[in-house]
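Trainee: This is the structure I have questions about; it appears just below.
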Amino acid sequence: MLLVVKKSAQASSSSNFLVLGFAAVHHFYHYPESTRLRISQILVLPPYQGEGHGLRLLETINSISESENIYDVTIEDPSDYLQYIRSSIDCLRLLTFDPIKPALCSMVLSLKETNLSKRTSSLKMVPPSDLAETVRQKLKINKKQFLRCWEILIYLNLDAEDRKSMDNFRACIYDRIKGEILGTSTGPNGKRLVQMPSNFDEETCFAVYWTQDGGDADDQTVEQQPEDLKTQEQQLNEVVDSQMEEIVEVAKNVTSRGKDKLSVSCSKESLVKVIVALPND
């Protein structure tokens, strides 16, 4: 249990300190011989909210995880605001983490040069797997959180006025979300989603099913109707728009709090220089 306290200004107080907030953190065994930290709760009392105490609690937990060589840090069912603060902190840490810069610049340049508007080519906006492991080892950021921050870091290095780059970025977010919801198959087989009639809420009632090659005709699932596909596309775009808004909000916060850290130059020339400067191992 971590506490945020300050000295009481009232001489008649029964205690010398006031509790402003706390964080409950649990240790979980990780095979074969390490420990994970899981944050189960962070609370700042209402009179002291908005003063940065929650941020300091997260920074302290990160510091503990690094000093004690914890495997990684996770949060149990974080609120939207807590996730916003967490992503902002982790992005600021990653901005000064040199091992990610070559891969980050390479991804940014690909988004600037590739044309995804006609969907004749595809681009996955994911970091190398060994980089995610390096980030976990050094900064104790778990893979899921790193992938979230990775997209924000890419956005930070793109020109918001460059329509091509922004369209490519959104296309990659769209493909990722579509893959997570419907699977990666683009043919008649694979994971599918169909709206289901309901008296409860038509917009939130759906069925997910798998189709497979072969089998009897009776085993085959009816293909989606055009109206189902239209609704599915609309819902996907709504989810994408929501995630884009989250990315932009975190990016704004990171920019305002870490202007001195936004120094990654992702031109072709700078990328070559960074790669040449890396050690042989």
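The values are calculated or read from the model by the stated rules, or taken from the named source; none is laboratory data. All of these numbers come straight from a predicted model, not from anything done at the bench. FYI the Cβ positions are ideal-geometry reconstructions off the backbone, even for glycines, and counts take in every protein chain you see. Just so you know, the surface numbers come from the protein's heavy atoms only, side chains and all, with ligands and any DNA or RNA stripped out. Shrake-Rupley method; radii C 1.70, N 1.55, O 1.52, S 1.80 Å.
Trainee: Can you tell me which of 2, 43 is open to solvent by 50 Å² or more (accessible area, probe 1.4 Å) and either of a type in the set (S, T, N, Q) or modelled with pLDDT of 95 or more (or both)?
Mentor: Details: 2 fails: open to solvent by 50 Å² or more (accessible area, probe 1.4 Å).
Answer to the check: 43.
Trainee: Please pick out the residue among 193, 271 that is in contact with a Phe, Trp or Tyr (Cβ under 7 Å, 6 or more places away or on another chain), at pLDDT below 65 and open to solvent by less than 50 Å² (accessible area, probe 1.4 Å).
Mentor: On the way: 271 fails: in contact with a Phe, Trp or Tyr (Cβ under 7 Å, 6 or more places away or on another chain).
None of the others qualify; the one that does is 193.
Trainee: Are there helices (runs of 4 or more DSSP H) fully within the range 77-152 with at least 2 residues that are touching a strand residue (DSSP E or B) at 6+ places or on another chain (Cβ under 7 Å) and open to solvent by 10 Å² or more (accessible area, probe 1.4 Å)? List them. Steps first, answer last, please.
Mentor: On the way: elements: 80-95, 101-113, 129-139.
Fully inside the range 77-152 and qualifying: 80-95.
Trainee: Now for a different question. Right, residue 47: assigned to a loop (DSSP other than H, G, I, E, B) and over 27 Å from residue 94 (Cβ atoms) or not? Don't jump to the end; show me each part of the working.
Mentor: Details: assigned to a loop (DSSP other than H, G, I, E, B): no; over 27 Å from residue 94 (Cβ atoms): yes.
So residue 47 fails the test.
Trainee: Assuming residue 122 fulfils every condition listed in (1) modelled with pLDDT under 95; (2) polar (S, T, N, Q); (3) closer than 20 Å to residue 105 by Cβ apart from one, which condition is it?
Mentor: Among (1) modelled with pLDDT under 95; (2) polar (S, T, N, Q); (3) closer than 20 Å to residue 105 by Cβ, residue 122 violates only (3).
Trainee: Give the residues of the range 153-170 that are in a helix (DSSP H, G or I), open to solvent by 20 Å² or more (accessible area, probe 1.4 Å) and among the hydrophobic types (A, V, I, L, M, F, W, C), sorted by residue number.
Mentor: 156
Trainee: Take the residues in the range 52-62 that are open to solvent by 40 Å² or more (accessible area, probe 1.4 Å) and touching a strand residue (DSSP E or B) at 6+ places or on another chain (Cβ under 8 Å); name whichever of them is nearest to residue 79 (Cα to Cα).
Mentor: Result: 56.
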